[in-house]
Amino acid sequence: MTGAAAEALAALPDLVRAHILLSCAALAIAIAAGLPLAFWAAGHPRARVPLLAAVGLVQTIPSLALLALFYPLLLMIDRATSLALPALGFLPSLIALSLYALLPIVRNGVAAREGLDPAVLEAADGVGMTRRQRLLLVELPLGAPVLLAGIRTAAVWTIGAATLATTVGQPSLGNLIFSGLQTENWVRVLVGCAAAAVLAIVADALLALIESGLSRLSAMRTFTGLGLLAAALIASQVHWGHRQDRPLAVIGAKNFSEQYILAAAIADRLAAAGYRTEIREDLGSAIAYRALAAGDIDVYVDYGGTLWANVLARSDNPPAPVLRAELARELRRRDGVAVLGALGFENAYALAMRRSRADQLGVRSIEDLSAVSPRLRLASDIEFLSRPEWRSVAAAYRLHFAETRSYSPTFMYRAAADGSADVISAFSSDGRIAALNLVTLADPRRALPSYEALLLVSPRRAHDAGFLAALRPLAGAVSIDRMRQANLMVDRDADKKSPAEAARWLLPPGR
């Protein structure tokens, strides 16, 4: 078995457990809310169309966007009410997935109620059944096959959509899929996709057995399906590991190789100091910082220019030491966040081109690029074109490209390599710049700020002496050359390493 496969399979039990728990909880809430709504709407024709339109509208919102929307919403509610709501992870994922599962349950519930023979309902009323008795003894049993068909559809949808919960910090099988896509570790992608598919198939098969039992009036089939479903759920949530009494440290990471490596290095350091660690990866820049300030994660690495522009909304461009000192003051004052130190390298945004293309056009700086940009194609990472740094560069140099497209970082570099893009928004610490023979363009007008890698600690850990002591040795410990090499270990095609392996090379134990 390869190292990549062994690592993916080792992570699988915990991720499957979390994935099933989230999916089942969301489906249960959707059933509990959807069935009463459906039967009520079936008896109130005027309410039926608006209700179906409302639950249908939820389906028009991309599930990833729906998940992301609930994070800031829960933060605002928490700040307004002081309820200490967990805005990262399980709760926003649960709410979004529950809403997403409503449509097939409500639609099939309405269809099940409307499909009942009116003569049967009249007979139930004729023998003196109360409204409750008619619902429990007539309507639900007769409509059960149609109801179960809707629940089966909702279950498959929910299990698939739950992979996206990774983006708001909830562990799921999406952890394998997203990190595998970013690092081109296709074994992780396949393991994550296969596990999600197996879960969906098993859930659908068990619900189909229950549906078949109800439609055939077979108690054996029905109770066998219910028993197998209950046994599978209970077994999936049993944790066979030893009880953990060590304090938990939650580490955040964004969605590219360097962040995975640094998160793994931080986890190694904290584990050696006696902490139990959990990594929440594939977070967006805004979510990662808000999660840290809210205490949903304890530590992560961010970059000076990102914090300067996105968090403090500053557009000036001071020297790196001034920027770092000002960030440390303002983040502590505003949010209680501690800047523990700079790791020792900078990962700046830089516009880059294939060397042959730059030589052909005579482009050495962004100043040169401005003259030829109207006939070139720009590929950026997913965030760059919406960030203030891009607005600053575009305004300073009057850049207007013929075409702009956003990619995940891995595919952005692929676009540069195969000629699909002429210019990319590269990262200065990325080893693929040298590996792909790219040239970064000078920024003579200093439109882009410093991007020192900074170690940030949450307010609740800012005074934890043991936690801080474990992390302080990381300050100044990573050079730009060493970080580039570690990134390349993960990103290259041949002899690919996992982020954990690259982290151990970057910061060997005891260093």
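A few remarks follow.
- Once segment 274-317 is narrowed to residues that are among the aromatic types (Phe, Trp, Tyr) and assigned to a strand (DSSP E or B), the residue that is farthest from Trp390 (Cα to Cα) is Tyr300.
- Here Gln182, Gln133 are screened, and the one residue that is over 36 Å from the mean Cα position of the chain (by Cα) and either at pLDDT 90 or above or polar (S, T, N, Q) (or both) is Gln133.
- Those strands (runs of 3 or more DSSP E) lying entirely in segment 382-484 with at least 2 residues surrounded by fewer than 18 Cβ atoms within 10 Å (Cβ to Cβ) and outside the structural domain of Tyr303 (by TED's automatic domain parsing): 403-407
- Those residues of segment 91-133 which are surrounded by fewer than 17 Cβ atoms within 10 Å (Cβ to Cβ), charged (D, E, K, R) and part of a helix (DSSP H, G or I), in sequence order: Glu114, Glu122, Asp125, Arg131, Arg132
- If the condition is being crowded, with 17+ Cβ neighbours inside 10 Å and either over 19 Å from Leu471 (Cβ atoms) or of a type in the set (A, V, I, L, M) (or both), then segment 329-348 contributes Glu330, Leu331, Val337, Ala338, Val339, Leu340, Ala342, Leu343, Glu346, Ala348.
- Selection from segment 203-225 of residues that are among the hydrophobic types (A, V, I, L, M, F, W, C) and at pLDDT 80 or above: Ala203, Ala205, Leu206, Leu207, Ala208, Leu209, Ile210, Met220, Phe223
- Condition check for Ala18: small (Gly, Ala, Ser), surrounded by 15 or more Cβ atoms within 10 Å (Cβ to Cβ), modelled with pLDDT of 85 or more and in the same structural domain as Gly160 (by TED's automatic domain parsing): yes
- Filter result (out of contact with any helix residue (DSSP H, G or I) (no Cβ under 7 Å at 6 or more places or on another chain) and either of a type in the set (Gly, Ala, Ser) or in contact (Cβ under 8 Å) with a residue 24 or more places away in the chain (or both)) within segment 394-411: Ala394, Ala395, Ala396, Glu403, Arg405
The values are calculated or read from the model by the stated rules, or taken from the named source; none is laboratory data. These numbers come from a predicted model, not from an experiment. Counting neighbours? That spans all protein chains shown, and the Cβs are built from the backbone with ideal geometry, glycine included.
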